[in-house]
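Nothing in this text is a laboratory measurement; each read-out follows from the coordinates by a stated rule. Note that the structure is predicted; figures quoted are calculated from it, not measured. With ideal geometry, Cβ positions are generated from the backbone for all residues, glycine too; neighbour counts draw on all protein chains shown.
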Amino acid sequence: MVNYIVKKGNKYWPSKEMKRIAWVTDSKIYKKAEKNPVKFWEELAKEGIDWRKAWSKTYEEKLPYFKWFKGGKLNFCLNVLDRHIGNGHKTALIWVPEATDERTIKLSYKELFDKVNQFANALKKLGVKKHDTVAIYLPLVPELVISMLACARIGAAHTVVFSAFAPDALQARIIDGESKILITADGYFRRGKKIDMLSNANKAIKGTKVNKIIIVKRLNKKMNYRKPYYSFDKEIEKYPHYCMPETMNSEDILFVLYTSGTTGKPKGIVHDTGGYAVQSYYTAKWNFNLNPDDVMWCTADIGWITGHTYAVYGPLLNGATTLLYEGTPDFPNFDRWFKIIEENNVSIFYTAPTALRMLKKYADGFTDKRKFSKLRILGTVGEPIDEETWNWYFKKIGKSRCPIIDTWWQTETGGTLINALPGIGPFVPTISGRSFPGTRHEIVDDNGKKAKKGNLVQLPPFAPGMLHGVLNNHKKYVETYWKRFKKKYDTSDGAIMINNLFRITGRTDDVMKVAGHRIATAEIENAIDKHKQIIESAVVPVPDEVRGEVPVAFVVLKSDKPSEKLEAEIKKHVDNTVGPIARPSKVYFVQDLPKTRSGKIMRRILKNILKHERPEGLMTLINPDCVEEIKMVVG
Ligand code: PRX
């Protein structure tokens, strides 16, 4: 079996074979790109993407905004589909359903092209216009990819909402995006159970501008398609296999994706067309040594940025095959993911540390009988990976012959930004690596001075795939990313520099990573505070062996007595307002919450108490007595 890495000292490096096949092997690329990043990206943009009109200005920076490829025109969908149609029989998408007795679906580039074009025609007929926003609330089914690409074809922005979000969360996103059309499904399967999502969608559209709902049949429920409901299948059937792609400006919006910030209200992160195309194409190609004959499996749900860029756009822009799996890793048992990798010849496997910790714990016994002989590259993303999990991944899945590419990035950055490249290395546990060629990051202390440990910032010129604002909220955009370190983009992540490589230590704000999902403590608090029995609450993350972090809630009640029933009710309430991913693992009922004189809740003190550490900063509290009471409650 081919070995793609060699060990030198305590680090892993690309082997001769990897050097032979990798797209990028000469580390001089970093210096070359740094000399003139704008020119570097310009050359890549010309080579990697088909433009309908060349740009007049490659990069324009008027902070806090910046533009890439100004004046350039293109269609994103054309870059994904039309330019691969010469090799149209090639599989674009493999869809593995959760039920093992249901057939895997393979769509060739030609089949995907036909469906996308038909659906693009349908959307137009249903009134969707260039620059409109289409809300998509779908499980992991091929129709999700078809919908995204159809929007891109007609120049409508899509906003995909994670299928496990509750009606309130969906509603807030529909309202903010002003979507008039919603694409959803009659439900989906989870561990063999049927999950209804249509009733969530129906609740969510109340009070929004949505007047048409297109429904994908996944559970085969009997439906009566009367206005405002339309059947995805029936609509698609009506239309021809070609829809002229709209010519879009490079800076036109391709999609909006909502993510959590430090407040309770999610931010609509705006991504444009040209810059995002260039970054998603090249990061997919270079980070994962992606070739058209590869099968790439990015396990992220498409409702998150990782799914957008590396389950859909990146692999398809490169003419490769992307694999989507509908279900969970443990269905019908923990061998499931491994079976999928082997049966489908997956060569690039990209997942999150939380999934790996779960596999390490429950699926270890299944790894020995697997050879994973087609795997070449492993990737990780979403949170820091600990050394033990890294080693398990490396040995048990990579069979000590595949590099692990630890990619640091965010919803805001659109594509990866810090990681080792497979043909250059090194691959070191817990270390992400260097800035992608043509981008620059540094670490600064709280005063903005360069440091070895502290806050991770990005320096100009900002990467082409970076966000282009927060939808309808300029103020939030400025405050979140540009206020603290002025002309440097504030990532809100902590980092340490080790031998000129970045180790990312995690969020420095009130954002948690629960099983890799990004959730603001304030989002959960807002949901809890809506419960009629609650005066106020504070949510803090606690470490969890598998999920990384889980939320724990402290609540102050109005008149009710604490009870298990009330705790269950609060958890359910969070499920119904945000979604089960935000559910607190424990609810503590307390008399009061530690607050400063200005009324700010000191979550840090709650974290100290949970970890049985000595709380710091009691002097600043207006109500220090509550600390002893909280300690008693926590026990
Ligand atoms: O804290 C960082 C963490 O995930 C955050 C971004 O979350 P989200 O927008 O949901 O996007 C996740 C996938 C791109 C970052 O601010 N993060 C992401 N990748 C890594 C990471 N932390 C450590 N190592 C990583 N490789």
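Report the dimensions of the stretch 352-427 along its three principal axes from the alpha-carbon atoms, largest first, rounded to Å.
Principal extents (Cα only, largest first): 39, 26, 19 Å.
Where in the stretch 25-107 are there trypsin sites (Lys or Arg not before Pro) that are in a DSSP coil and have at most 15 other Cβ atoms within 10 angstrom of their Cβ?
On the way: sites: Lys28, Lys31, Lys32, Lys35, Lys39, Lys46, Arg52, Lys53, Lys57, Lys62, Lys67, Lys70, Lys73, Arg83, Lys90, Arg103, Lys106; in loops: Arg52, Lys90, Arg103.
Passing sites in the stretch 25-107 are Arg52, Arg103.
Taking 0.36 nm per intervening residue step and subtracting the Cα-Cα distance, what contour gain separates Glu34 from Lys371 on full extension? Don't skip to the answer; put the middle values down first.
Details: separation 337, 0.36 × 337 = 121.32 nm, distance 4.04 nm.
117.3 nm is the gain from fully extending Glu34 to Lys371.
How far apart, in nm, are the 7 Å Cα→Cβ label points at Asp625 and Trp482?
Here the modelled spin labels are 4.8 nm apart.
Dipole of the chain (Lys/Arg Cβ +1, Asp/Glu Cβ -1, origin at the Cα centre): which of Ser163, Gly275, Val428 lies farthest to the positive side?
It is Gly275, whose Cα lies furthest towards the positive end.
Can you check what the net charge comes to around Asn249, using other residues whose Cβ is under 11 Å from the Cβ of Asn249 (Lys, Arg +1; Asp, Glu -1)? Before the final figure, lay out the partial values.
On the way: positive: Arg52, Lys53, Lys67, Lys70, Lys73, Lys130; negative: Glu246, Glu251, Asp252, Asp272.
Residues close to Asn249 contribute a combined charge of +2.
Calculate for the chain the 222 nm mean residue ellipticity that helices alone would give, adding -39,500 (n - 2.57) per DSSP H run of length 4 or more and normalising by residue count, nearest 500 deg cm²/dmol. Provide the component values of the computation, followed by the final result.
Details: 20 runs with 180 residues, N = 635.
So the helix-based figure for the chain works out to -8000 deg cm²/dmol.
So how far apart, in nm, are the two label points at Asn291 and Asn447 if each is 7 Å from Cα heading toward Cβ?
Result for the modelled spin labels: 5.3 nm.
Out of Gly88, Gly548, His131, whose Cα points farthest toward the positive end of the dipole of the chain (charges: +1 Lys, Arg; -1 Asp, Glu; placed on Cβ)?
Value computed over the given set: Gly88.
Starting from the Cα gyration tensor of the stretch 50-114, take the square roots of the eigenvalues, sort them a ≥ b ≥ c, and report rounded, prolate or oblate (rounded when a/c is under 1.5, otherwise prolate if a/b is larger than b/c, else oblate). Don't skip to the answer; put the middle values down first.
On the way: a/c = 6.11, a/b = 2.17, b/c = 2.81.
It is oblate, given that a/c is not under 1.5 and a/b is not larger than b/c.
Grab the Cα-Cα distance for His474 and Arg103, subtract it from 0.36 nm times how many residues apart they are, and report the gain in nm with one decimal. Numbers along the way, then the final one.
Working: separation 371, 0.36 × 371 = 133.56 nm, distance 4.70 nm.
Once the chain is fully extended between His474 and Arg103, it gains 128.9 nm.
Which shape class applies to the chain: rounded if a/c is under 1.5, otherwise prolate when a/b exceeds b/c and oblate if not, where a ≥ b ≥ c are the square roots of the Cα gyration tensor eigenvalues?
Values: a/c = 1.38, a/b = 1.16, b/c = 1.19.
Rounded is the answer for the chain, as its axis ratio a/c remains below 1.5.
What base-10 log of the normalised intensity I(q)/I(0) is obtained for the stretch 485-538 from the Debye formula, alpha carbons as equal point scatterers, at q = 0.12 Å⁻¹?
-0.45
Restricting things to alpha carbons, tell me how big the stretch 511-634 is in terms of Rg and Dmax, in Å.
13.8, 38
Spin-label point model (7 Å from Cα, Cβ direction): what's the Lys7 to Gln533 distance in nm?
Between Lys7 and Gln533, the simple spin-label model gives 5.6 nm.
With +1 on each Lys and Arg Cβ and -1 on each Asp and Glu Cβ, and nothing else charged, work out how big the dipole of the stretch 1-97 is about its Cα centre, in Debye to the nearest 20.
Working: 21 positive and 10 negative charges, 70 e Å.
Dipole magnitude for the stretch 1-97 comes out near 340 debye.
Which value, to two decimals, describes the C-alpha radius of gyration of the stretch 109-249 once divided by 2.2 N^0.38 Å? Can you show the working numbers first?
Values: Rg = 14.2 Å, N = 141, 2.2 N^0.38 = 14.4 Å.
Taking N as the residue count of the stretch 109-249, the ratio is 0.99.
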